[in-house]
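Asker: Please read through the structure below; I'll follow up with questions.
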Amino acid sequence: MQVIRSDIHRRHHCAELDGGKIIDSWEHPGRADMVDRATDEVDMAVSPPAVLDRRLLESVHDPGYLAFLETAWTRWVDAGHTTACAMAFTWPARRMTGPAPTTIDGLLGHHSFAADCSIGAHTWPAAAESAAIAQTAADRAVDAASAVFARCRPPGHHASRDQFGGYCYLNNAAVVAQRLRDRGHDKVAILDIDYHHGNGTQDIFYEREDVVFASLHADPRREFPYFLGHADETGRGDGAGANLNLPLPHGTGASDWLAALDTALGWITDAAPTAAVVSLGVDTYHDDPISRFTLATDDFPEVGRRLRRLPDPVVFVLEGGYATEQLGVNVVGVLRGFEPG
Ligand code: SP5
Ligand code: ZN
């Protein structure tokens, strides 16, 4: 399997609010290093991304949001702030429906939904490169009619059309799905197996029938992102019936998780897509420091094997996974389970 990756991500490492303290984010450059080391060990062919197509990005994100992301750091500095990361302190809550603010502290709240995520000097270049990796992976998958791994960092599945959060700024999986649509696949499935619900991806495609979304994740009644990902969210308008959420309790282990995976795969098969995107988070691992499922390293190849039910081509997009030492092994476990050799 080919890997698309680059090192531009390295200078992006922001602060997050965790348990009342500002800490260096759990989502850090060393994660990508571990994945790169593991893919190098199994000799996967590596290529850099091509130039990002702005029109593609604007077909899954609001242009005003993109302009905000691109300029947020400069505006933060110009406002007199001296911290390493720009972070919101207020958000529009229920019944607060006024117009978008015009200064940076307000705009940060308008364009984010969580304080686990902030914007530094190198966040936009890293996020744009991550989306370029996604775009290039989609193109390769179409050209070669085979599976490709997009080693994206930062991750993407929590980012909606116009909001960042959950360590995500641009929705890489959505970029892949839209590119596959634009390159001639009439129906595309996104299967999200990260521990957390892919609220951004669901939101972007919620009213569309041409991109179906299935996710298995920790029950949002008890877990981030809390406010989306519930079982009764099945799509709206043209997208009615094109969204499947399978929330699972804290403590879920391999047998129950794999049973849910089979349910999602059956649902996708019934939708009859001609290409698939896998939002590949391995924060389902038992030693993950911020998550509460109990999959073992030995379970990940079996996950990959079961994913062979997806239609060709499949693009794997890296999402979460915070047990850094085992991250590469677990990711490569899935990829090799899917495509040995
Ligand atoms: C892409 C992805 O996996 N994003 C996940 C974002 C989760 N952010 C909230 C994390 C809350 C961590 N609190 C854990 C406390 C352990 N000391
Ligand atoms: Zn996650």
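The values are calculated or read from the model by the stated rules, or taken from the named source; none is laboratory data. Computed from a prediction, not measured in an experiment: that's the story for all the values here. Cβ sites come from the backbone with ideal geometry, for glycine too, and all protein chains shown count toward neighbours. Accessible surface areas use protein heavy atoms only, side chains included; no ligands, DNA or RNA. Shrake-Rupley method; radii C 1.70, N 1.55, O 1.52, S 1.80 Å.
Asker: Using only alpha carbon positions, build the gyration tensor of segment 119-268, then give the equivalent ellipsoid semi-axes as the square roots of 5 times its eigenvalues, largest first, whole angstrom.
Answerer: Square roots of five times the eigenvalues give 23, 19, 15 Å.
Asker: Right, next: PHE227 to GLU325: extension gain in nm, 0.36 nm per residue of separation minus the Cα-Cα distance?
Answerer: Gain in length upon complete extension: 32.2 nm.
Asker: Further, regarding this structure: Using the per-residue mean of other Cβ atoms lying within 10 Å as a proxy for protection, in what order, highest first, do the peptides 54-67, 142-155 fall?
Answerer: 142-155, 54-67
Asker: Go from 0 up to the bin containing the longest alpha carbon distance in segment 102-152, width 10 Å each, and give me the % of pairs per bin.
Answerer: Reading upward from the zero bin: 21, 33, 25, 17, 4.
Asker: Choose one of ALA121, ALA138, PRO29: the residue whose Cα lies farthest towards the positive end of the charge dipole of segment 4-143 (beta-carbon charges +1 Lys, Arg; -1 Asp, Glu; about the Cα centre).
Answerer: Most positive-ward Cα: ALA121.
Asker: Something else: Per the 1.4 Å probe, what fraction of the accessible area of the chain, in percent, lies on carbon and sulfur atoms?
Answerer: 50
Asker: In terms of the Cα gyration tensor, with a ≥ b ≥ c the square roots of its eigenvalues, is the chain rounded because a/c is under 1.5, prolate because a/b exceeds b/c, or oblate?
Answerer: Rounded, because the longest to shortest axis ratio a/c is under 1.5.
Asker: Report, in deg cm²/dmol and to the nearest 500, the calculated mean residue ellipticity at 222 nm for the chain, where each DSSP H run with n ≥ 4 adds -39500 (n - 2.57) and the sum is divided by the residue count.
Answerer: The per-residue figure over the chain is -11500 deg cm²/dmol.
Asker: Which one of ALA127, ALA173, ALA38 has the biggest mean-square fluctuation once the chain is modelled by GNM with Cα springs under 10 Å?
Answerer: Maximum fluctuation in the GNM of the chain, among the listed residues, is at ALA38.
Asker: Which of ILE104, ILE193, ILE133 ends up with the largest GNM mean-square fluctuation for the chain, with Cα atoms connected below 10 Å?
Answerer: It is ILE104.
Asker: If R0 is 41 Å, what FRET efficiency do you get for ALA84 and ASP186 from their C-beta distance, rounded to 0.05?
Answerer: Values: r = 45 Å, r/R0 = 1.11.
Efficiency computed from Cβ-Cβ geometry: 0.35.
Asker: Per residue, how large is the accessible surface of the chain? Use a 1.4 angstrom probe and give square angstrom.
Answerer: 39
Asker: Separation between the ASP24 and SER47 pseudo-spin-labels, each 7 Å from Cα along Cα→Cβ, expressed in nm?
Answerer: Using points 7 Å along Cα→Cβ, the separation is 3.4 nm.
Asker: Rounded to a whole number of µm²/s, how large is the Stokes-Einstein D of segment 1-106 at 25 °C and 0.890 mPa s, given Rh as the Kirkwood radius over C-alpha pairs?
Answerer: Numbers: Rh = 17.4 Å.
It diffuses with D of about 141 µm²/s by this estimate.
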